[in-house]
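K.L.:
Okay, here's the structure, questions in a sec.
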Amino acid sequence: MGSDETWLTETLYDDVRMSIKVDRVLFDSQTDHQHLVVAESKRFGRLFTLDGVTQLTMADEFVYHEMLAHVPILAHGAVRDIGIVGGGDGGLVEEVLKHSTVERVTIAELDAGVIDFARTHLADLSRGAFDDPRVEIVLGDGADFVATTDRRFDVIVVDSTDPIGPGAALFTPEFYGNCKRILQPGGVLVTQNGVPFFQPEELRSTMRIFGGLFADATCYLGVVPTYIGGFMAFGWGTDDAALRTVPLTALRKRFDAARLDTRYYTPELHLASFALPRFIAELVEAARDAPDQSVGPPIR
């Protein structure tokens, strides 16, 4: 590397590093809660790191946000009220609002600084979504929000960081149990669960808890190039097992009716994303069938 080159190095893993060469750093700030950096890269475009961990790049964010948003919404088929825990960068809410049937989106975000910087430095990601009249922003701890709110949601999406630092509270039995409490009957909880090849315990822990909470507990997959290690897992929990097996014809009809312009998601991929490679399926099944006893007996 030349002395005039700037590289951002991922610090998520102790024994694996990925570095991205950046042309310039646009924003570098320590908020009350987190260290935020925004930079420009020739390969990945504008990118955002949080406490040294890459959160998104403009080159491939569409994979992550499309799969978090459209899989539960189109599987459910009648979503009007959505809760988002985290998601302060605006990418998920922008994707969710593409569904005209969605009447209200509530974002529970810990750090006002994340939203402030996203409005300024990631405007091409959120595209004004924070100012949509359907959106309400609740600042504060997401775990406290789900524990105390009297609202009910058709879908809850946990767009969290990994379970380190402030994000750790969003992976506990208490948190997931409270998420279920505020789901409408037949509602869906979807979570960010990391890369199983490198982070098996993150998925294992969530599936152990989901196994004691939901009649249908599993995960689905996407591939985000920036998140090294292959498949990324999205936790899936619902008491309506039929939602995971909505026929392709119905998914196509809902997709066409929503008039979505996607780059990754398709109805065919939606169904295929629940087909798990054996090493992930075995992890999920073992954890789900030995549920966390703190959340009660498994529901079957």
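The values are calculated or read from the model by the stated rules, or taken from the named source; none is laboratory data. This is a predicted model, so every value here is computed, not measured. Quick reminder, even Gly has a Cβ in these numbers, built from the backbone with ideal geometry, and neighbours come from all protein chains shown. Keep in mind that these areas ignore ligands, DNA and RNA; they rest on the heavy atoms of the full protein, side chains included. Shrake-Rupley method; radii C 1.70, N 1.55, O 1.52, S 1.80 Å.
K.L.:
Have a look at the chain and give its Rg and Dmax from the Cα atoms, expressed in angstrom.
P.N.:
18.4, 60
K.L.:
Report the accessible area of Cys179, computed with a 1.4 Å probe over the heavy atoms of all protein chains in place, in Å² rounded to the nearest 10.
P.N.:
Here the accessible area works out near 0 Å².
K.L.:
Quick one: if you stick a label point 7 Å off each Cα along the C-beta vector at Arg80 and Asp124, how many nm between them?
P.N.:
3.8
K.L.:
A further question on this structure: Can you tell me the FRET efficiency between Phe197 and Ala290 if r is taken as the Cβ-Cβ distance and R0 is 25 Å, rounded to the nearest 0.05? Spell out each step's value before the answer.
P.N.:
Values: r = 21 Å, r/R0 = 0.86.
Rounded to the nearest 0.05, the efficiency is 0.70.
K.L.:
Can you pull the accessible area of Thr148 for me, 1.4 Å probe, Å² to the nearest 10?
P.N.:
Taking all protein chains as shown, Thr148 has close to 110 Å².
K.L.:
Run the 1.4 Å probe and let me know the accessible area of Ser100, rounded to the nearest 10 Å².
P.N.:
For Ser100, the solvent-accessible surface is approximately 110 Å².
K.L.:
Explain nothing, just compute: Karplus ³J(HN,Hα) = 6.51 cos²θ - 1.76 cosθ + 1.60, θ = phi - 60°, for every residue of region 71-87 in order, whole Hz, x for Gly and Pro.
P.N.:
After applying 6.51 cos²θ - 1.76 cosθ + 1.60, I find 5, x, 5, 6, 5, 5, x, 8, 7, 10, 10, 10, x, 10, 9, x, x Hz.
K.L.:
To the nearest 0.05, what FRET efficiency results for Asp131 and Val53 with a Förster distance of 25 Å applied to their C-beta separation?
P.N.:
0.35
K.L.:
Excluding residues fewer than 8 places away in the same chain, name every one of the lysines whose C-alpha is closer than 26 Å to that of Lys180.
P.N.:
Leaving aside lysines fewer than 8 places away in the same chain, those within reach of Lys180 are Lys98.
K.L.:
What is the distance, in nm, between label points placed 7 Å from the Cα along the Cα-to-Cβ direction at Asp144 and at His33?
P.N.:
Output for this residue pair reads 1.0 nm.
K.L.:
Can you give the extra length, in nm with one decimal, that the chain gains between Arg259 and Thr11 once fully stretched, where that is 0.36 nm per residue apart less the Cα-Cα distance?
P.N.:
Length gained between Arg259 and Thr11: 85.4 nm.
K.L.:
Go through Lys21, Lys42 and list them by solvent-accessible area, largest first, probe radius 1.4 Å.
P.N.:
Lys42, Lys21
K.L.:
Only helical DSSP H runs with n ≥ 4 go in: add -39500 (n - 2.57) per run for the chain, normalise by residue count and round the 222 nm mean residue ellipticity to 500 deg cm²/dmol.
P.N.:
Here the helix-only value at 222 nm equals -9000 deg cm²/dmol.
K.L.:
Compute the long axis of helix 200-213 from its Cα atoms, compare it with the longest principal axis of the Cα atoms of the chain, and write down the angle in degrees, 0 to 90, nearest 10.
P.N.:
30
K.L.:
Give the calculated FRET efficiency between Ala241 and Arg278 to the nearest 0.05, with a Förster radius of 35 Å applied to their Cβ-Cβ distance. Display every interim value, and only then the final one.
P.N.:
Numbers: r = 22 Å, r/R0 = 0.62.
Given R0 = 35 Å and the Cβ-Cβ separation, E is 0.95.
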